[in-house]
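Here's the structure we're looking at; comments come further down.
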Amino acid sequence: MKTNPDKDTELHDKINRETGRVKWSELERHFASGSVVYVSQELDLIEVALRIAHDDRESIARWMQSGQIAKVNDQQAASWLAADATLWASVVSPFVLVQLEKRQLH
């Protein structure tokens with residue numbers, strides 16, 4: 001049975017409540033385990049988390065192919081650590097989705 005993330009307002013609201021700002025330094029251990037996923041500022045972090053929770057493979061594949069979501073790479077991690085960056089973070093187990101605050105640069 002295919003689920004419909006567009007109608008799942010309860011999960012959307014739950015993800016929204018549990019999304020928050022986090023210093024990159026607090027996420028380094030998750031990065032080391034390979035579970036941190038970068039979400040481009042072009043996308044809505046909550047929407048991406050909802051689609052991942054619903055296993056919407058079509059949307060996920062399209063975003064990955066366009067580079068709008070990807071595992072955080074070493075260069076990003078080093079840059080964020082050096083800048084003491086604060087990111088928006090949302091957990092969709094086993095992943096931690098992160099997105100730069102709008103005022104920060106890559």
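Each Lys or Arg adds one and each Asp or Glu subtracts one; over the other residues with Cβ under 13 Å from the Cβ of Glu28, this totals -1. Counting Lys and Arg as +1 and Asp and Glu as -1 over every other residue whose Cβ lies under 15 Å from the Cβ of Leu43, the net charge comes to -3.
Taken along its principal axes, the alpha carbon cloud of the chain reaches lengths of 44, 29, 26 Å, longest axis first.
A short reminder: the numbers here are calculations on the coordinates, not readings from a lab. In this text, all values refer to a predicted model and were calculated from it rather than measured experimentally. All Cβ positions, glycine included, derive from the backbone under ideal geometry; neighbour counts span all protein chains shown.
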